[in-house]
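First up is the structure itself, then whatever we jot down about it.
Nothing in this text is a laboratory measurement; each read-out follows from the coordinates by a stated rule. Owing to the predicted nature of the structure, the values given are computational and were not obtained by experimental measurement. We place every Cβ from the backbone using ideal geometry, glycine too, and count neighbours over all the protein chains shown.
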Amino acid sequence: MYLIYIDESGKPDYSNPEPEFLLASLTINEEAWSIVDKKVVELKKKYFPEKDPAEIEFHATDIFNHTKHFKNVSLDTRLALFGEIMHLISETDCVITAVMIRKDLLVNREQDINSKALEYLFERLCYLLEEKNKTARDKGAEYGLLMIDSVNPKYDNKVRLIMRGLLKSGTKFEKNRFIIEDPIFVDSSYRHLSQLADCVAYCLRRKFRAKEPSVDTQKQFDDFFKIIEEKLLRKSSRTSGYGIKIYPEKM
């Protein structure tokens, strides 16, 4: 079975000033789960040796905004930590898929940003599992289970209803054969791989956003992206539109 961890960066509403909303997934086979989970625990012990790893959440916003457990951690150390998180992901047998909605470029402001992002992400996850199962016919079908970072009950229920429709009917371009069950909404503070998905989502939004505040900051996220780039979903070596879908692409 494939575990599909999904998290977001930015806000899916027009009133929020951030022009981008990004939804990212990290897909990993259940056989690799315990190895990756242990690596995250070891990384937490390395940077917070005096604390219980269960108390530490690798939340990208906290890392870069200097808050919560990272309040007294220097910038150099925080950047080094985030780099190690990216390297951990790059060394993991996983696939990254992401959709970024450029809210500032949408002409039709009636479009529901969440629905559009989930639809595009779902299509790519269906394609990914189709490809995975093509090479595993002798083992029998391997299904996918969605694990989505919980926001609040109202928001989660909206996402659940959207996903139910996609699970049942698929999209215009992809039918669902391998994603099963309603999505499971999880508290990322207790899920190490959800924390990795959070860091991926943050990295990709900062890499592909309309404008970074400085050249140095842009280079930082260009460098972080290069570490995990090979993990993006591909079709005929192409990641654009598959591993990372940006909508709309231009005016």
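Which GluC sites (Glu not before Pro) in region 35-109 pass both tests, a DSSP loop state and at most 13 other beta-carbon atoms within 10 Å?
Glu50, Glu91
In the chain, what percentage of the DSSP-assigned beta bridges are antiparallel, given to the nearest 5?
Once the DSSP bridges in the chain are tallied, antiparallel ones form about 55 percent.
Expressed as a whole percent, how much of the Cα-Cα distance distribution for region 107-251 exceeds 26 Å? Mind dumping the intermediate values first?
Values: 3438 of 10440 pairs.
Tail fraction, whole percent: 33.
Give me, ordered by chain and number, the residues 5 or more places off Leu232 or on other chains with an amide H under 5 Å from its own placed amide H.
Hits under the 5 Å cutoff: Ile96.
Under a 5 Å amide H to amide H cut-off, with H placed in plane at 1.01 Å, what residues pair with Ile246 once short-range neighbours are removed?
Excluding prolines and chain starts, which carry no amide H, the hits are Met100, Gly241.
Using the Karplus equation 6.51 cos²θ - 1.76 cosθ + 1.60 (θ = phi - 60°), what ³J(HN,Hα) coupling, rounded to whole Hz, does each residue of region 59-75 give in order, writing x for Gly and Pro?
10, 4, 4, 5, 4, 8, 8, 6, 10, 6, 5, 9, 4, 9, 9, 5, 4
Given the options Asn157, Asn114, Asn176, state which has the largest fluctuation in a GNM of the chain using a 10 Å cut-off (strictly under) for Cα springs.
Maximum fluctuation in the GNM of the chain, among the listed residues, is at Asn157.
Taking only Cα atoms and a 10 Å spring cutoff, compute GNM fluctuations for the chain and point out the largest among Gly170, Gly241, Gly140.
Top of the fluctuation ranking is Gly140.
Taking one equal scatterer on every alpha-carbon of region 1-131, how large is log10 of I(q)/I(0) by Debye at q = 0.18 1/Å?
-1.11
What are the ³J(HN,Hα) values, in whole Hz, obtained from phi via the Karplus relation 6.51 cos²θ - 1.76 cosθ + 1.60 with θ = phi - 60°, for each residue of region 213-229 in sequence order, with x given for Gly and Pro?
The phi angles translate into x, 8, 5, 4, 5, 4, 5, 4, 7, 4, 5, 4, 4, 4, 5, 9, 4 Hz.
Per 10 Å bin from zero, what fraction in whole % of the C-alpha pairs of region 2-247 is there, up to the bin with the longest pair?
7, 32, 37, 20, 4, 0
Highest GNM mean-square fluctuation, the chain, Cα pairs closer than 10 Å: which of Thr97, Thr77, Thr135?
Thr135
In whole Hz, with x marking every Gly and Pro, tabulate ³J(HN,Hα) for region 235-246 from phi via Karplus 6.51 cos²θ - 1.76 cosθ + 1.60, θ = phi - 60°.
Per-residue couplings from phi come out as 9, 6, 6, 9, 9, 4, x, 10, x, 9, 10, 10 Hz.
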